[in-house]
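Asks: First, the structure itself, so that you have it in front of you.
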């Protein structure tokens, strides 16, 4: 995996496309947000038990259904033919099912995708497939190849999520031994892959162990499984890498009292121990459990079951449509339907704030290729997008010049930017300007404006005339 591949997926520093003014950039870093300015807009309906959503580096969205289907949302419609149908292979009792999907960072060229499912006997399977040679909207079922199997004796705590990290390796979140209280103490066992975050290289099969995995060749006093990246997870239900920084956020479902978010700073050598089952969140659960392996790492945030009982990890918002949410992590709870924001405030402190009370059974969050955020509603059989709920555009800046300079954050893939400025928020008669170059400048001067209020927006192109979506609208004023 080379760096240019990661660029194509839009998941490295430089991919943020945040519309802002240079003079008010600091305002976007403030911790206070106004939830009433945002809403969830239904985008995909008619799903059956949806569990997850992802993208393949293009405009399509892919939705995982528990029963074993992957559905494709393309050009504003849910395609009638599934992208993938593995229903004959998947056990669906309790927490089992088709649980995870990740596209290889080189998917555009190699066509590889990876799924995580529980097979009919209950064991967890990670498998690779290849897209169909004749139809990019269908995976070839005959190409299914098993990558890794993990034995399971109980129906719950399968984990199931898959995500490629900024290093190009596949991260596999595995739940503990199930039941209640991790009866096998799998999360702390050095030879058991359950209750762990695994990290493997799937650029070829059989998979390879990254040489810098933290326990390669380590015996303490027994040989630790080389696949292990981190210990001490109970049931990691959705985790994600911040596409700008590479930081890892993990939603880990609690036992009977606490739900938690764990965090791994980008550049970590791995080896964290997230403390289950000695601790449930920040509360002592099993005093006799010894944290022998790795670095003991408490969660950055936990909350009691009076607020929800099954955390669903989310994403740091890095889209273009909601600039004031830039850099904020959003997560939710399957039981209560509450969505919260979470952000670092300095000095190692974290601020959690209620965002939207949905009433949904939130099984997942997801991103599209542009970084916009989606919520998966299990009971409602639908996917909703996080949008702005206000039609008012507050004035972000006042210029006492007739030729203000408008500035935005660049994106790595842009070959040109297009800017519209108008006295109307509907852009009926806009001034339209373009910036091109290698790379194009991320600012422009607009000349000869009269005193008054103006609205503006910007979009980028990654190929000639291939314009992406407009950013949200911002407003400024020219004052005497």
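Asks: Give the peptides 323-329, 292-298 in descending order of average Cβ contacts within 10 Å, highest first.
Replies: Peptide ranking by packing, descending: 323-329, 292-298.
Asks: Apply the Debye scattering formula to the chain, with a single equal point scatterer on each alpha-carbon and no solvent, then give log10 I(q)/I(0) at q = 0.10 Å⁻¹.
Replies: Reported log10 I(q)/I(0), two decimals: -0.75.
Asks: Over its Cα atoms, what ratio of radius of gyration to 2.2 N^0.38 Å does region 154-298 give?
Replies: 0.97
Asks: Right, another one. How much mean residue ellipticity at 222 nm does the chain get from its helices, if each DSSP H run of length 4 or more adds -39500 (n - 2.57) and you divide by all residues, to the nearest 500 deg cm²/dmol? Display every interim value, and only then the final one.
Replies: On the way: 2 runs with 10 residues, N = 480.
That calculation yields -500 deg cm²/dmol at 222 nm.
Asks: Direction-averaged shadow area of the convex hull around the Cα atoms of region 270-361, nm²?
Replies: Value for region 270-361: 7.6 nm².
Asks: Treating the Cα atoms of region 395-478 as identical point scatterers in vacuum, please give the log10 of the normalised Debye intensity I(q)/I(0) at q = 0.10, 0.20, 0.25 Å⁻¹, two decimals.
Replies: -0.23, -0.89, -1.27
Asks: Ranked highest first by the average count of other Cβ atoms within 10 Å around their residues, in what order do 128-139, 361-372 fall? Numbers along the way, then the final one.
Replies: On the way: 128-139: 16.4, 361-372: 22.8.
Descending mean neighbour count gives 361-372, 128-139.
Asks: A further question follows. Which whole-number value in Å³ per residue fits the convex hull of the alpha carbons of region 63-125?
Replies: Convex hull of Cα atoms, per residue: 98 Å³.
Asks: For region 211-250, what class follows from the C-alpha gyration tensor (a ≥ b ≥ c being the square roots of its eigenvalues): rounded when a/c is under 1.5, otherwise prolate if a/b is larger than b/c, else oblate?
Replies: It comes out oblate by the Cα gyration axes.
Asks: What are the equivalent ellipsoid semi-axes of region 70-176, built from the alpha-carbon gyration tensor (square roots of five times its eigenvalues), in whole angstrom, biggest first?
Replies: Working: eigenvalues 111, 56, 31 Å².
With the √(5λ) rule applied to region 70-176, the semi-axes are 24, 17, 12 Å.
Asks: Moving on to the next point. Let me have the relative contact order for the chain, percent, based on Cα pairs under 8 Å that are six or more residues apart. Please list the in-between numbers first.
Replies: On the way: 1303 pairs, mean separation 72.4, N = 480.
Once divided by the residue count of the chain, the mean separation gives 15 percent.
Where a number appears in this text, it was derived from the coordinates with a stated rule and is not lab data. Note that the structure is a prediction, hence the values are computed from the model and not measured. Ideal geometry is used to build each Cβ from the backbone, glycine not excepted, and the neighbour counts take in all protein chains shown.
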